[in-house]
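Student: Quick one: this structure, given as structure tokens, is what I'll be asking you about.
Any read-out appearing in this document is the output of simple, stated calculations on the displayed coordinates, not a laboratory observation. Keep in mind the model is a prediction, meaning the values are calculated, not measured. Reconstructed Cβ throughout: ideal geometry from the backbone, glycine too, with neighbour counts over all protein chains shown.
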Amino acid sequence: MDRLSSAERSENMRRIRGKDTAPELVVRKLVSALGYRYSTHAEHLPGKPDLAFPRRKKAIFVHGCFWHCHPSVRCKDSRVPKSRTEYWTDKLDRNVARDKKRLTELRKLGWKAIVVWECQTEKALRKLTTRIERFLRQ
Ligand SMILES: [Zn+2]
């Protein structure tokens with residue numbers, strides 16, 4: 001019996017495919033185009049930021065909207081499934097709490113971090129580019 005929902009299944013596929021998800025690649029490309037160099041998957045840092053800028057002590061997380069619960073009313077991907085709602089709410093709440101904890105830990109080490117949401121990498125990138133540029137420059 002197939003016990004995985006389609007969201008779980010696609011996340012599993014993503015995990016199997018490895019770390020280089022499409023939204024991450026979009027952000028990496030954009031950052032490279034801005035002329036910044038970064039390291040990927042800084043394993044030693046809390047939350048393992050997707051892009052890390054060690055000299056600047058800055059980090060960018062690229063989060064999937066569903067699994068990390070993008071808190072935006074306009075985001076269509078962050079809705080809790082209508083079936084097994086309690087299960088999903090629990091699970092997703094735990095993810096959000098974990099993200100928050102890791103971000104706090106990272107900030108305690110003197111790092112600055114921003115989160116880029118998956119859905120923000122799917123449309124016009126001008127706004128995102130400006131935001132990232134500002135973050136890295138400041
Ligand atoms: Zn979103």
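Student: Here are some pairs, K82/K127; K101/K123; K48/K82; K91/K123; K76/K127; K48/K112; which of them have Cα atoms lying more than 25 Å apart in this structure?
Tutor: Where the Cα-Cα span goes over 25 Å, the pairs concerned are K82/K127; K101/K123; K48/K82; K91/K123.
Student: What is the gain in length, in nm to one decimal, between I114 and R56 on full extension, counting 0.36 nm per residue of separation less the C-alpha to C-alpha distance? Intermediate values should be presented prior to the final figure.
Tutor: Details: separation 58, 0.36 × 58 = 20.88 nm, distance 1.34 nm.
Gain on extension, I114 to R56, equals 19.5 nm.
Student: Rounding to the nearest 10 and keeping the result within 0 to 90°, find how far the Cα-based axis of helix 6-17 lies from the longest principal axis of the chain.
Tutor: Its long axis makes an angle of about 40 degrees.
Student: Another one. Please give me the summed charge of the neighbours of Y38: other residues whose Cβ is under 12 Å from its Cβ, Lys and Arg +1, Asp and Glu -1.
Tutor: Overall, the nearby charge balance is +4.
Student: Still on this structure, please answer the following. Among residues other than R74 whose Cβ falls under 15 Å from its Cβ, what is the net charge (Lys/Arg +1, Asp/Glu -1)?
Tutor: Surrounding charge for R74 is +1.
Student: What is the distance, in nm, between label points placed 7 Å from the Cα along the Cα-to-Cβ direction at A97 and at L125?
Tutor: Here the answer is 3.7 nm between the modelled labels.
Student: Given 0.36 nm per residue, what is the gain on full extension from T40 to V73 after removing their alpha carbon distance, in nm?
Tutor: 8.9 nm
Student: To the nearest 20 debye, what is the magnitude of the charge dipole of the chain about its Cα centre, counting +1 on the Cβ of each Lys and Arg and -1 on the Cβ of each Asp and Glu? Before the final figure, lay out the partial values.
Tutor: Details: 34 positive and 16 negative charges, 124 e Å.
The dipole of the chain has a size of about 600 debye.
Student: Right, next: Rg (Å, one decimal) plus Dmax (Å, integer) for the alpha carbons of the chain?
Tutor: In Å, with Rg to one decimal and Dmax whole: 15.7, 52.
Student: Okay, moving on. At 222 nm, what helix-only mean residue ellipticity would the chain give, in deg cm²/dmol to the nearest 500, using -39500 (n - 2.57) for each DSSP H run of four or more?
Tutor: -14000 deg cm²/dmol
Student: Please give the helix 85-108 orientation as an angle from the longest Cα principal axis of the chain, in degrees from 0 to 90, rounded to the nearest 10.
Tutor: 20 degrees
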